[in-house]
1. How do the pairs read when you match residues in the range 40-66 that are more than 13 Å from residue 21 (Cα to Cα) and free of Cβ contacts under 8 Å to residues at least 12 places away in the same chain with residues anywhere that are open to solvent by 40 Å² or more (accessible area, probe 1.4 Å) and not in a helix (DSSP H, G or I), using Cβ under 9 Å and keeping only pairs 6 or more apart or on different chains?
2. Which condition from (1) modelled with pLDDT under 80; (2) surrounded by 10 or more Cβ atoms within 10 Å (Cβ to Cβ) is the one that residue 50 breaks?
3. Residue 4 is checked against (1) at pLDDT 80 or above; (2) closer than 18 Å to residue 69 by Cα and fails just one. What number does that condition carry?
4. In the range 29-42, what residues are at pLDDT 85 or above, within 21 Å of residue 15 (Cβ to Cβ) and under 16 Å from the mean Cα position of the chain (by Cα)?
5. Based on what the data block shows, is residue 59 modelled with pLDDT of 90 or more and open to solvent by 70 Å² or more (accessible area, probe 1.4 Å)?
6. Does residue 9 meet the test of being out of contact with any strand residue (DSSP E or B) (no Cβ under 6 Å at 6 or more places or on another chain), open to solvent by less than 40 Å² (accessible area, probe 1.4 Å) and without any contact (Cβ under 8 Å) to a residue 24 or more places away in the chain?
7. Can you name every residue in the range 62-77 that is assigned to a loop (DSSP other than H, G, I, E, B), of a type outside the set (Asp, Glu) and open to solvent by 70 Å² or more (accessible area, probe 1.4 Å)?
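The values are calculated or read from the model by the stated rules, or taken from the named source; none is laboratory data. Because the structure is a prediction, the values reported are computed rather than measured. We place every Cβ from the backbone using ideal geometry, glycine too, and count neighbours over all the protein chains shown. Heads up: the accessible areas ignore ligands, DNA and RNA and are worked out on the full protein's heavy atoms, side chains in. Shrake-Rupley method; radii C 1.70, N 1.55, O 1.52, S 1.80 Å.
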Amino acid sequence: LAPAGVHCGNHITSHGLALNCCTDLTWFDHIVPCGLEGKGVTSLSRELGRHVTVDHVLEPFLDSFQEVFDCTLVFSEDPG
């Protein structure tokens, strides 16, 4: 439900994470998600059998992220 990606190059690592809540999963029929042949994707809505939005999961997800990774997230409107 939350694939994580890591890219390494030029001595820099970039990390990414995707959490599918109520995503239109038909778009994934046109690609090989994460380069994993024969593997599909799912969403929280599909797994739970009810409509789950980002607003439903954002706060508990971020709280858990901080706990698991023992960190404090800092939010900024300025991406620079």
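1. Final answer for the pair search is 62/73; 65/17; 65/71; 65/73; 66/72; 66/73.
2. (1)
3. So the condition that residue 4 fails would be (1).
4. 41, the sole residue that qualifies.
5. Yes, satisfied.
6. yes
7. Residues satisfying the conditions are 69, 72, 74, 75, 76.
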